[in-house]
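Contents: one structure, followed by commentary.
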Amino acid sequence: MGNWENNIRKVVPYTPGEQPNQTDMIKLNTNENPYPPAPGVTEVLRNTDTDALRLYPDPAAKDLVHAIAGEYGLQDDQVFVGVGSDDVLAMSFLTFFNSEKPILFPDITYSFYDVWAELFRIPYERPALDEHFHIKKEDYFRENGGIIFPNPNAPTGVSLPLSDIEDIVEHNQDVIVIVDEAYVDFGTQSALPLIEKYENLLVVQTFSKSRSMAGMRIGFALACPKLIKYLNDVKYSFNSYTMNRTSIAAGVAAIKDQEYFLETCGKIIETREWTKKELRKLGFYFEESKANFIFAAHKNCPAEKLFQALREQYIYVRYFPGGRTGNHLRITIGTRNEMEVFINFVREYLRKENLWKF
Ligand SMILES: *Cc1c(COP(=O)(O)O)cnc(C)c1O
């Protein structure tokens, strides 16, 4: 046997949330939107010209870039698109994090960041969130090779005020600061206005959560034209045709329907606030979430025990074992009806197990 294994890039991959496929399940484990995409998306897919699929798509995905730019009041050269924000973020790590100094991101955050850092051999450090799961901005006022954090943070749902973000960007003008705004549309102020003032800021968003299109894979980055050009240079050195014809057309239809977008985000916010009230009545505690999920712990019931009990009823939530997150469940906000079924089950379970007094 030869030594071929010595020269292989060995990585520990990211573990995505489970994708069970039952008809009667309540799926609250991967922060998908419970509502369908905008009606225009169905229309586009129904009218797909399959004959055109023999042709390569537009490598610049100009139609989609233009539609996103229009929606956010930007020029086309301030927009980069990719295959979900995971693709956009991976390209951004590759493009912007090339220092010998460590990049910084919180100890509790999106668990893909350390995977990309390991994959691309980028040194990193993880300043700890405070005891209320809040980012301490001062932790980011030191020498580093770049900064990334989600706002609101995942899986905590806690958001950072725009003034704190500006402080972090202001203190770090020699590196790139990336704000991952996967959940920003559920009630957090976007850092987007700051891109006109700071060349070193990249704002990343996705169609997967607030636009109900996780299955289509569309993400985008907004920044000054120079940063977007650097991102495109790396993209064209890796894979020219990231965006397929169908997702370009469907993405344009989704972004154009602002009314539907606001309506569905509004419903999720309303259901989130209702769910918070119900969870508190049942003995749960959590920080104020501004995302489409709640990261909650119970005063008496261990998270893993409840996670298993829910699973047996085909109610799926996310559980991150170990460390500071090990007694919490991340519960995605579904429809009002799904959340009622969830809350009713939890209430009965806690009563039956004698874990809460009613
Ligand atoms: C869901 C999520 C993403 C990636 O979503 P895509 O489906 O790849 O667009 C990125 N960052 C955070 C924090 C997320 O929760």
Suppose we flag GluC sites (Glu not before Pro) only when DSSP calls them loop and at most 15 other Cβ atoms lie within 10 Å. Which is the longest uninterrupted stretch of the chain?
200-287
Alpha carbon convex hull of segment 234-314, volume per residue in cubic angstrom:
201
Counting only protein heavy atoms, what percent of the accessible surface of the chain is carbon or sulfur at a 1.4 Å probe?
50
Acute angle (nearest 10 degrees) that the helix 245-256 long axis makes with the longest principal axis of the chain, alpha-carbon atoms:
70
Roughly speaking, what is the centre-to-centre gap between segment 1-58 and segment 120-186 when only Cα atoms are used, to the nearest Å?
27
Any idea of the accessible area per residue across segment 39-256, 1.4 Å probe, to the nearest Å²?
42
Label-to-label distance, nm, for residues given as His132 and Leu53 (7 Å Cα→Cβ offset)
5.2
q = 0.22 Å⁻¹: log10 I(q)/I(0) that the Debye formula gives for segment 144-203, counting C-alpha atoms only
-0.82
Starting at 0 and stepping by 5 Å, how many percent of the alpha carbon pairs of segment 249-358 end up in each bin?
2, 11, 21, 22, 18, 10, 6, 6, 3, 1, 0
Helix 225-236 axis, angle to the chain major axis (alpha carbon atoms, nearest 10°)
90
D_trans [Stokes-Einstein, Kirkwood Rh over alpha-carbon pairs] for segment 164-266, 10 °C, 1.306 mPa s, µm² s⁻¹:
105
With a Cα-only, solvent-free Debye model of segment 37-158, what are the log10 I(q)/I(0) values at q = 0.12, 0.18, 0.21 Å⁻¹?
-0.65, -1.05, -1.20
With N residues in segment 178-328, what two-decimal value do you get for its Cα radius of gyration over 2.2 N^0.38 Å?
1.29
What's the longest uninterrupted piece of the chain once you rule out the trypsin sites (Lys or Arg not before Pro) that are loop residues per DSSP with at most 14 other Cβ within 10 Å?
11-120
With every protein chain left in place and a probe of 1.4 Å, what is the accessible surface of Ile8, to the nearest 10 Å²?
80
Output needed for the chain: three equivalent-ellipsoid semi-axes, defined as square roots of 5 times the C-alpha gyration tensor eigenvalues, in descending order, whole Å.
33, 26, 21
Using helices alone, I'd like the mean residue ellipticity at 222 nm for the chain: each DSSP H run of four-plus residues gives -39500 (n - 2.57), total over residue count, nearest 500.
-10500 deg cm²/dmol
Using the Cα centre of the chain as the reference point, and only Cβ charges (+1 on K/R, -1 on D/E), how large is the resulting charge dipole? Debye, rounded to the nearest 20.
1100
State to the nearest 20 debye the size of the charge dipole of segment 245-338 about its Cα centre, where the only charges are +1 on K and R beta carbons and -1 on D and E beta carbons.
280
Taking Rh as the Kirkwood radius, which is the inverse of the mean 1/r over Cα pairs, what is the Rg/Rh value for segment 1-82?
1.13
Across Lys267/Lys299; Lys62/Lys226; Lys281/Lys352; Lys27/Lys209; Lys267/Lys305, pairs whose alpha-carbon gap is larger than 21 Å
Lys267/Lys299; Lys267/Lys305
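The values are calculated or read from the model by the stated rules, or taken from the named source; none is laboratory data. Values in this document were obtained by computation on a predicted structure and should not be read as measured data. Quick reminder, even Gly has a Cβ in these numbers, built from the backbone with ideal geometry, and neighbours come from all protein chains shown. When the accessible area is computed, the model is the full protein with side chains, heavy atoms only, and any ligands, DNA or RNA have been set aside. Shrake-Rupley method; radii C 1.70, N 1.55, O 1.52, S 1.80 Å.
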